[in-house]
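Values in this text are rule-based calculations from the coordinates and carry no lab data. No experiment lies behind these values; they were computed from the predicted model shown. Cβ atoms come from the backbone with ideal geometry, glycine included; neighbour counts cover every protein chain shown.
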Amino acid sequence: MDSAEQLRDRLLSLFPGAEITLITNPGPAAQHGLLLDHAHARAIAKFLRDDPALQFDQCSNVTGVDWPEKEIVETTKTTEPDPAGGPPKVVEQKTKRIQPGYLEVVYHLYSIALRHGPVILRLHTGNRTDQVTVPSLTPIWRSCEFQEREVFDLFGVFFAGHPDLRRILMWDTFKDHPMRRDYVEPDDYEWEPTPHGVVLEKAKAHFPAPAAVPPPTPAANAQ
Amino acid sequence: MLDRPMNDRTQLLTPQPSSPLAPAGSSLDLGHSPLGIGAAGAQVRAVHDEFHGDLLEVSMGPHHPSTHGVFRMIVTLDGERIVKLKPVFGYLHRNHEKLGENTSYLGSMPYTDRLDYFTSMTNNWAYAIAVEKLAGQPVPERAEYLRVILAELTRLLNHTCLAGFLMQDCGCSGTPLMYAFREREKILDLFEALSGSRMMCNYQRFGGCRVDASPEWLATARRVSDNYGAFLDEFEALLTGNEIIMARTQGIGTLSSALAVSAGVTGPMLRASGVNYDLRKVDAYGVYPRFEFRIPLGDHGDVYDRYMIRVLEMRESIKILQQAFDGLPAGPIMDPKAKLRGFRPKPGEAYGRIEGPKGEIGFYLISDGSPNPYRYRVRAPSFVNLTILEDMCLGQTVADAVIILGSVDIVLGEVDR
C-alpha cells in the first residue's frame, strides 16, 4: 500500500478541487492522517472503499477529539542597537494569539480484502459552538452508524446525512456533551430537594446569595 | 370501513408516513428506516390498520434475563414477526473514556478490566499494545508467550460461557451453562493464582507482565488446557449434533458477509459469515506467527454457525496453548527500561488492536506529553457488533431475537463503557 503522502497526492490528482492535508504523527507509531474538506469527504471515502487497489472496506474505529481554543504565546527576539554606542541589546517580544478551537472526527480504515491499513481520515468542524456539522460517512460504511451517534452524543458533532442521529449512551433529554474538555459535571445527577454533604459544597459555588435569581448552571443538566 | 381492496398489501411495501405524535427519527417513529432509504430498510405499515390488526411495540429489557445485562430492545411486531428493532443501551455508561483521560496511563489499566469483565486479560493486552505502540516500547519474549497463554485461556473461557449462555437462551435451561461454568471456574482459578483476582486481573503492563508464572502454575495451566479437549468432546456430544438445537438455530439471524464487512463486525461473528479475517494472522502481533493454527470459517452466517465457529476456535486455542507451553522461554517478564510510574510518552498518537474473544478490541490514544492521555478511546467489539442487530432480526420472531442477541456475544460493560 502507498504511504500517506503518496495516497494524498493520488487523491489530489483525482479530486482536483479537494483540500487534503497530511497530518503527521510524530510518535513511533507513525500512523499519519489525512484531513479532508467537507465538500469532498464522502466522495473520497467512497473512492477509498471502491478503488480496487485500496479497498478500504472496513471502517474500524470512529471517534471524536475535542481541541478547545488555546492561547499560544510566541516569543520573538530582536536585537536593537544601543543608542549610547554599547553592544546591541536583545529585546524579547511576546505576542499572544488565540488558536481557535475545533472538534475533530477520526476514522480508522482497514481493508479486509487486501489486509492493509490503517488509513486515518480526519474531519474538522469550523468551531466548537455553531459550526459543528461534518458530513456523515454512514452511507459509505455501516459501522459508522452507532459510532457517529456516540460522537454526536459525547462531543456534540452533528453528522449531515446520518440516517438516525440520536443520543446513544446518554439519555435523550440530556443537554450537554460530556466528553468535551470544558464539560462541567452537574452537582448531582439525582435530584434532591435539599442538597447536603458534598453536593451542598458544590452547589454553594453556583448559588452564592440565596435571594438572587439563580443563573443557569450546569446543574440543569441533570434534569 | 376499508378504503382499499381487502387483498391490497401494497401498503406493506411502501413506507408509511409516521404518526404525527412520533418525533421524526425517534424510536417511536415507525416510518423511519435504519438505512435512511425506504426501499432498503425496515418497512412497516400503518400502526392502526383495521384489517390486519395493529402493530405491537414491545420493550424487551432492560431487566430481561435474556438481554445479558441491562440492555433494551424496542421491538415492533407485526403479529409474530419483527418489523423494527431499536436497541437502547447506555444504562451502564460511566464515561470510561473520560475516566481514562483524567488518570495516568498506568491508572487506566485496572479500568480496562471493567470493560468486558469476561475477558480482562485481552482488554489489558489491547491497552498495553496501544501504549507500547505509542511509546515504542519493546516487550520481552517470555512476556509475549505469557500473554498468548493468558489470551487463549481467556478465549476458551469466553467461548465456553457464550455457548452456555446461548443454549440457555434457546431454552435448554441449566445443564450446558452449568457445564460451561464448571470449566470457567478452573480457568478463573488459574487467573486468581497468577494475578490475585479472578476476573479483574490487571495483569499486563506496558513492556511486559506484572508477575511471573511459577512452574507449578504452568503445570496446572497445562493440565487444564490438556483436559479441555475432553470437556469439549462431552459438550459437543450434548449440543453440536443435537436435533433440537439444529432446528432451533439453523437459518436464524443470517448475516451476509458483505453487510458484516461494511458494518465493521469482527471476531467470530465475522468469520461465521465466511470472511477470513483474524487479527492474529493479519496483524501477526505478539508471537502468534510462531504458532500453527487454523481459522475456522462459517458458511451460512446463522446462529448455529456462530456457535460452531466458537467451538472450533476453542479447539484451535488448545493447539496454540500446547505450542506456547512447549515454547515458553526463560527470561525476564518486563523490559528493564520500561517505566510505569511517571510514564510520559512523547506527543503523538497510536491505534493498537488485537483479536479479542469478541472481536477486534482497539485503543486509540493521543499523547500530548503529559502523564495523562489527551484522548483515550476504546473501540469495543460488542458495541460495533450490535450495529447490525436489527438487520439480523427483521422478519424473525421475538424468540429468535433472543438467541440472535445471544449469538452476538455482548457484554454491557463494554457496550456502554
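Could you order peptides A:90-98, B:106-114, A:175-183 by the average number of other Cβ atoms within 10 Å of their residues, highest first?
On the way: A:90-98: 8.9, B:106-114: 19.7, A:175-183: 17.1.
The densest-packed peptide leads the list: B:106-114, A:175-183, A:90-98.
At 0.36 nm per residue, and after removing the present C-alpha to C-alpha distance, how many nm does the segment from A:Ala53 to A:Trp171 gain when stretched out fully?
Gain in length upon complete extension: 38.2 nm.
Can you give me the distance in nm between label points at B:Glu141 and B:Ala247, each placed 7 Å from the Cα along the Cα-to-Cβ direction?
Here the answer is 5.6 nm between the modelled labels.
Give, to the nearest whole percent, the P(r) tail of the protein assembly as shown beyond 36 angstrom, counting all Cα pairs. The partial results should precede the final answer.
Details: 89193 of 204480 pairs.
The answer is 44 percent, as a whole percent.
Of the peptides B:54-64, A:10-20, A:49-59, how do they stack up when ordered by the mean number of other Cβ atoms within 10 Å, highest first?
A:49-59, B:54-64, A:10-20
For chain B: lysine pairs with Cα atoms under 28 Å, gap of 8 or more or different chains, count?
Step by step, the pairs that qualify in chain B add up to 18.
What FRET efficiency, computed as 1/(1 + (r/R0)^6) with R0 = 25 Å and r the Cβ-Cβ distance, is obtained for A:Glu74 and A:Asp130, rounded to the nearest 0.05?
Efficiency computed from Cβ-Cβ geometry: 0.30.
Using Cα atoms only, what is the angle between the long axis of helix B:303-327 and the major principal axis of chain B, expressed in degrees (0 to 90) to the nearest 10?
0 degrees
Compute the label zone of A:Arg115 within the range B:251-277: residues whose backbone N is under 12 Å from the point 7 Å along Cα-to-Cβ.
B:276-277
Could you calculate the FRET efficiency of A:Glu92 with B:Arg341 from 1/(1 + (r/R0)^6), where r is the beta carbon distance between them and R0 is 45 Å, rounded to 0.05?
0.75
Within 10 Å of each Cβ in A:105-113, how many Cβ atoms from other chains are there, averaged over the peptide?
Shielding by partners across A:105-113 averages 4.
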